[in-house]
1. If you build the Cα gyration tensor of chain A and take the root of 5 times each eigenvalue, what three semi-axes come out, in whole angstrom, biggest first?
2. Roughly how big is the protein assembly as shown's charge dipole about its Cα centre, with Cβ charges of +1 (Lys, Arg) and -1 (Asp, Glu), in debye to the nearest 20?
3. Between B:THR43 and A:VAL85, what is the spin-label point distance in nm, taking each point 7 Å from the Cα along the Cα→C-beta axis?
4. Which translational diffusion coefficient, to the nearest whole µm²/s, is obtained for chain B from the Stokes-Einstein equation, given a Kirkwood hydrodynamic radius over C-alpha pairs, 25 °C and 0.890 mPa s?
5. Fewest first, what order do B:TYR8, A:TYR80, B:TYR42 take by the number of other Cβ atoms within 10 Å?
6. So if I average 1/r over every pair of distinct C-alpha atoms in the protein assembly as shown and take the inverse, what Kirkwood radius in Å does that give?
7. Residues of the range B:46-82 with amide nitrogen under 11 Å from the 7 Å Cα-to-Cβ point of A:ASP55?
8. With a cut-off of 8 Å between alpha carbons and a minimum separation of six or more residues, what is the relative contact order of the range A:2-80 in percent?
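Every number here is computed from the coordinates shown, using simple stated rules; none is lab data. What you see is a predicted model, and the numbers here were worked out from it, not measured in a lab. Don't worry about glycine lacking a Cβ; one is built from the backbone with ideal geometry, like all the others, and counts go over all protein chains shown.
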Amino acid sequence: MIGAAALALIIAIALMLVRALSGPTLYDRVLAVNSIGTKIILLLGVIGFLTGRPDFLDIAILYALINFVATIAILKFFRYRSFQVSLSRRGKDGA
Amino acid sequence: MIDLILDYWNAFRPALGSALLLVGAVLAVVGTIGVLRFPDFYTRLHAASVTDTAAATLAIVGMALLSPSLAIVFKLIVVWLFLFLTGPTSSHALANAAHTAGLQPMIGKLGESDGGDE
């Protein structure tokens, strides 16, 4: 039954990859990549329980951290075309 | 009496955990089908963010019921807390960025207006 859950998560990742490759806008692709990251976190935990080594959860914590930072960094880059801009609300004219 | 309840709970725990894990994974598939079939970016974002948070909660509760020791439950709680805080935050950042960039939501019935991006 745990194997069925892992298989369902792999199917969900494969289907979400279709949206990531064929998304009409940039934001569809970012959404798909973020969602794939969340599903990979769950899949890491499930694989850990499937193989009897729940130490995989440390890697899952790391993936959760990286996933959030990557989403915010991609959005910031495509808004300002640079990573050098500060994210404070003052002194910004694009909002 | 307490021992009897604990015995029943320990016999019932793996089945309940596996069932919750499977429900969470199926919910992830359902959300992905929604992302593939909805017509607009904002509706796709809605489907993805809601089902991601719910699927993560269900699957992590299932894994916590399956776990052999309390340290693993603690790690699962850390993962769940982080996903629960960052999932809606990144969804809000995505919607805010798309709205600021001028992506218009589709308004009206399907096929009536061309407000979407397809």
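1. Values: eigenvalues 213, 61, 10 Å².
Computed over chain A, the values are 33, 17, 7 Å.
2. On the way: 15 positive and 12 negative charges, 115 e Å.
Charge dipole of the protein assembly as shown: 560 debye, to the nearest 20.
3. 3.1
4. Once the numbers are plugged in, D ends up at 147 µm²/s.
5. Numbers: B:TYR8 10, A:TYR80 14, B:TYR42 19.
Listed from fewest to most nearby Cβ atoms, that is B:TYR8, A:TYR80, B:TYR42.
6. On the way: mean 1/r = 0.0542 Å⁻¹.
Kirkwood hydrodynamic radius for the protein assembly as shown: 18.4 Å.
7. No residue qualifies, since no backbone N sits under 11 Å from the label point.
8. Working: 64 pairs, mean separation 22.6, N = 79.
Rounded, it is 29 percent for the range A:2-80.
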